[in-house]
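S.K.: I'd like to ask you about the structure that follows.
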Amino acid sequence: MTDISGLEPVAAFCGKCDCGCPQLFVDPGAPVERRVVLTDDFGQRVQMSADQFSSLVDDAKNGKLDGIALS
């Protein structure tokens, strides 16, 4: 499992179980370009800047990711 100590939780993307659902965190001690952290239930993590995350959120809001959810 991914070590999440020191990370500030923002959101969980399941929350219906205790199985290590994907989560969104902020790592206040990380360099700016790696401050936003996404973890998955396989113990992996992706780190990105707030600008990169903002771009991802904008794409989701504009429907650019809808096809993935339907796959």
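The values are calculated or read from the model by the stated rules, or taken from the named source; none is laboratory data. Predicted model only: the values in this text are computed from it and were never measured. Heads up, the Cβs are rebuilt from the backbone with ideal geometry, glycines too, and the neighbour counts pull from every protein chain shown. The accessibility values were calculated without ligands, DNA or RNA, using every heavy atom of the protein model including side chains. Shrake-Rupley method; radii C 1.70, N 1.55, O 1.52, S 1.80 Å.
S.K.: Net charge around GLN47, counting only other residues with Cβ within less than 15 Å of its Cβ (Lys, Arg = +1; Asp, Glu = -1)?
M.R.: Summing Lys and Arg as +1 and Asp and Glu as -1 gives -3.
S.K.: Through the Karplus equation 6.51 cos²θ - 1.76 cosθ + 1.60, θ set to phi - 60°, convert the phi angles of region 47-55 into ³J(HN,Hα) values in whole Hz; use x for Gly and Pro.
M.R.: 3J(HN,Hα) across region 47-55, in whole Hz: 10, 8, 7, 4, 5, 5, 5, 4, 5.
S.K.: Okay, next question. Each residue of region 58-67 in order: what ³J(HN,Hα) in whole Hz does its phi give by Karplus 6.51 cos²θ - 1.76 cosθ + 1.60, θ = phi - 60°, with x for Gly and Pro?
M.R.: Result, ordered by residue: 4, 4, 5, 4, 8, x, 5, 9, 4, x Hz.
S.K.: If you don't mind, there's one more thing I want to ask. Step through the residues of region 30-46 one at a time and calculate ³J(HN,Hα) from phi using the Karplus curve (6.51 cos²θ - 1.76 cosθ + 1.60, θ = phi - 60°), rounding each to whole Hz and writing x for Gly and Pro.
M.R.: Result, ordered by residue: 7, x, 3, 6, 10, 6, 8, 10, 10, 10, 10, 7, 10, x, 9, 8, 10 Hz.
S.K.: Which value in nm describes the separation of the simple spin-label points at ALA50 and ALA69, placed 7 Å from the Cα toward the beta carbon?
M.R.: A separation of 2.6 nm, rounded to one decimal place.
S.K.: Tell me the net charge near PHE25. Cut-off is 15 Å between Cβ atoms, PHE25 excluded, with +1 for each Lys or Arg and -1 for each Asp or Glu.
M.R.: Net local charge, PHE25 excluded: -2.
S.K.: Taking all protein chains as present, what is the carbon and sulfur share of the accessible area of the chain, in % to the nearest whole number, probe 1.4 Å?
M.R.: Percent of accessible area from carbon and sulfur atoms in the chain: 54.
S.K.: Just need the relative contact order of region 12-65 here, percent rounded to a whole number, with Cα pairs under 8 Å and 6+ apart.
M.R.: 23 percent
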